[in-house]
1. In debye to the nearest 20, how big a dipole does the chain give about its Cα centre with +1 on each Lys and Arg Cβ and -1 on each Asp and Glu Cβ?
2. Obtain the radius of gyration and the Kirkwood radius of the chain from its C-alpha atoms and give Rg over Rh.
3. At 222 nm, what helix-only mean residue ellipticity would the chain give, in deg cm²/dmol to the nearest 500, using -39500 (n - 2.57) for each DSSP H run of four or more?
4. For Cα pairs less than 8 Å apart in space and 6+ apart in sequence, what is the mean separation divided by the residue count of the chain, i.e. the relative contact order in percent?
5. Estimate the FRET efficiency between residue 34 and residue 10 by the formula 1/(1 + (r/R0)^6), using the beta-carbon distance for r and 25 Å for R0, to the nearest 0.05.
6. In degrees between 0 and 90, to the nearest 10, how far off the longest principal axis of the chain does helix 60-79 point, with axes built from Cα atoms?
7. How far is helix 2-30 tilted, in degrees, relative to the longest principal axis of the Cα atoms in the chain, given as a value from 0 to 90 rounded to the nearest 10?
8. Expressed as an acute angle from 0 to 90° and rounded to the nearest 10, what is the orientation of the C-alpha long axis of helix 33-49 relative to the principal long axis of the chain?
Amino acid sequence: MEEAASERAQLAADWERARTAVFAQLLAGIGSFHDAEDVLQETFLTVTAKAASFAEGTNFIGWACTIARFKVLEASDARRPIRLVRSRGD
């Protein structure tokens, strides 16, 4: 149980160091401060869920920014309007 608490504390410390860089990447990719804040929260949830896959001793900020980059792509896809194309028989 102490180990789990220690891992959560380490994740919190790592996230606190990475948060500004992650937000900067989100803001650059999304353009809207408000939307970037929303995606930052989603990114944190993903970072938390995937924390066990982070290789200790590697670059946490780089890892978190990679997750953020995929979140920017997801947000971009979600905002893109869907064009309906009719078939020629319609």
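Readers should treat all values here as calculations from the given coordinates under stated rules, not as data from a laboratory. What you see is a predicted model, and the numbers here were worked out from it, not measured in a lab. In this analysis, Cβ positions are derived from the backbone assuming ideal geometry, glycine residues included, and neighbour counts consider all displayed protein chains.
1. Working: 11 positive and 13 negative charges, 140 e Å.
My answer is approximately 680 debye.
2. Details: Rg = 17.2 Å, Rh = 14.6 Å.
Looking at the chain, the ratio lands at 1.18.
3. On the way: 3 runs with 66 residues, N = 90.
It comes out at -25500 deg cm²/dmol, rounded to the nearest 500.
4. Working: 51 pairs, mean separation 31.3, N = 90.
Computed over the chain, the figure is 35 percent.
5. Details: r = 30 Å, r/R0 = 1.21.
After rounding, the FRET efficiency stands at 0.25.
6. Relative to the chain, helix 60-79 is tipped by roughly 20 degrees.
7. 40
8. Taking Cα atoms only, the helix is inclined about 60 degrees.
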